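Structure first, commentary second.
The values are calculated or read from the model by the stated rules, or taken from the named source; none is laboratory data. Here the structure is a predicted model, which is why all the values come from computation and not from measurement. Don't worry about glycine lacking a Cβ; one is built from the backbone with ideal geometry, like all the others, and counts go over all protein chains shown. Please note that ligands, DNA and RNA were not included when accessible areas were found on the heavy atoms of the full protein model with its side chains. Shrake-Rupley method; radii C 1.70, N 1.55, O 1.52, S 1.80 Å.
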Amino acid sequence: MKKTLTVMSADQTVALGQKLAAFLQPKDLILLDGDLGAGKTTFTKGLGRGLGIKRPIKSPTFTIIREYQSGRIPLYHMDVYRLEQGGGDELGLDEYFNGDGVNVVEWSKFVAEELPSNYLRIVFKRDDSKGDNVRTIIFEPRGGRFEKLTNELLGDQNE
């Protein structure tokens, strides 16, 4: 079941990511979708902070995958926007998805065929009419683990 919430600032987006990090374990897959500037990397900064990663989290747009090994568990941050024309099968995504860390994939539609069946998809929507940093964030869990995790994280917020 989808759950929706609204954040009013980038700090709230970071805090939400930080809160989610406490629930994550190796092999978890988090898909982040939304327009450019919607908050995907800001959210990932919070995940990194929550996992205990001290290094700054940067967008992996040009490198495609950034690895952060210094936290409670590794974080693999992927921005597959540049794979719009295909090529996801050559990245070895299975090795990441079945590895020792948390996987965060921005622009997941470009590697949809490579994705396992269980994941947490989070969609970020800008609402500039309400302010520069207002975002509607929609959690779409697939699989029992992510449904439970979403319920624990967000409680009774439903769409």
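Matching residues to (1) in contact with a strand residue (DSSP E or B) (Cβ under 6 Å, 6 or more places away or on another chain); (2) under 12 Å from residue 33 (Cα atoms); (3) modelled with pLDDT under 85; (4) among the aromatic types (Phe, Trp, Tyr):
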site	(1), (2), (3), (4)
86	no, no, yes, no
91	no, no, yes, no
109	no, yes, no, no
132	no, no, yes, no
137	yes, yes, no, no
147	yes, no, no, no
153	no, no, no, no
159	yes, no, yes, no
- Out of (1) in a helix (DSSP H, G or I); (2) under 17 Å from residue 7 (Cβ atoms), the odd one out for residue 111 is which? (2)
- How many residues are open to solvent by 20 Å² or more (accessible area, probe 1.4 Å), within 14 Å of the chain's Cα centre (by Cα), of a type in the set (D, E, K, R) and over 12 Å from residue 77 (Cα atoms) when one looks only at region 1-49? 4
- Being under 23 Å from residue 126 (Cα atoms), at pLDDT 95 or above and either part of a loop (DSSP other than H, G, I, E, B) or among the β-branched types (Val, Ile, Thr) (or both) is the filter here, so list the residues in region 15-41 that pass it. 30
- Matching residues, region 50-80, being open to solvent by 10 Å² or more (accessible area, probe 1.4 Å), in a strand (DSSP E or B) and either farther than 17 Å from residue 107 by Cα or charged (D, E, K, R) (or both): 66, 67
- Task: Starting from region 19-43, keep only residues that are farther than 20 Å from residue 136 by Cα, then list their pairs with residues that are open to solvent by 10 Å² or more (accessible area, probe 1.4 Å) and in a strand (DSSP E or B) whose Cβ atoms are within a distance under 7 Å, requiring at least 6 positions of separation or different chains.
- Result: 29/119
